[in-house]
Amino acid sequence: MFELSKHFRFEAAHTLERAIGTDGSRRVHGHSYRAEVSVRGAPDPASGMIVDLGLFEKSLEAVRGRLDHHFLNDVEGLGPATLENLALWIWEALAAVGITPSRVVVARDASGESCAYTGGA
């Protein structure tokens, strides 16, 4: 079994309702994010690839384009702009175009925080 990963970066703004640190979170603010998407499987015997890297890159760029320099509160289907929701949203956006991730990790560059989604409930 092989796992292939690619990452992309995006900059985005949002507001967030929280129990702690509410003042800064409620104001519009932004972060630098890094997302890593992994796919797992056996390589296709004919191509030798788990997934065509060109298709993988094109799909990731389309997802990145829907997030980069956007106000995340306005991204349809995202919900509250948490790391958890971003990881799930990226997973679902890729699955909708035929890329089934095995893992999606979203991290905020400055804080060192990250969240991984591996599918399921």
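The values are calculated or read from the model by the stated rules, or taken from the named source; none is laboratory data. Here the structure is a predicted model, which is why all the values come from computation and not from measurement. Note that we place each Cβ from the backbone using ideal geometry, even for glycine, and neighbour counts take in every protein chain shown.
Exactly one residue out of Asp109, Asp74 is out of contact with any helix residue (DSSP H, G or I) (no Cβ under 8 Å at 6 or more places or on another chain) and under 12 Å from Tyr33 (Cβ atoms): that is Asp109.
Pairing residues of the range 87-108 that are farther than 20 Å from Leu72 by Cβ and aliphatic (A, V, I, L, M) with residues that are modelled with pLDDT of 95 or more and assigned to a strand (DSSP E or B), at Cβ distances under 7 Å and at least 6 apart in sequence or on separate chains, gives Ile99/Val39. Considered as a group, the residues in the range 28-53 that are hydroxyl-bearing (Ser, Thr, Tyr) and touching a Phe, Trp or Tyr at 6+ places or on another chain (Cβ under 9 Å) include one that is nearest to Cys115 (Cα to Cα), and that residue is Tyr33. If you go through the range 21-58 and keep only what is farther than 20 Å from Ala87 by Cβ, at pLDDT 90 or above and hydroxyl-bearing (Ser, Thr, Tyr), you end up with just Ser47.
Based on what the data block shows, is Leu94 closer than 18 Å to Lys6 by Cα, touching a strand residue (DSSP E or B) at 6+ places or on another chain (Cβ under 6 Å) and modelled with pLDDT of 95 or more? I'd like the intermediate steps shown before the answer.
On the way: closer than 18 Å to Lys6 by Cα: yes; touching a strand residue (DSSP E or B) at 6+ places or on another chain (Cβ under 6 Å): no; modelled with pLDDT of 95 or more: yes.
So Leu94 fails the test.
When the range 98-117 is examined, which residues are found to be loosely packed, with under 12 Cβ neighbours inside 10 Å and among the hydrophobic types (A, V, I, L, M, F, W, C)? Of everything in the range 98-117, just one residue is loosely packed, with under 12 Cβ neighbours inside 10 Å and among the hydrophobic types (A, V, I, L, M, F, W, C), namely Ala110. Of all residues in the range 36-87, exactly one satisfies the criterion of being among the aliphatic types (A, V, I, L, M), farther than 18 Å from Gly98 by Cα and loosely packed, with under 12 Cβ neighbours inside 10 Å, namely Ala46.
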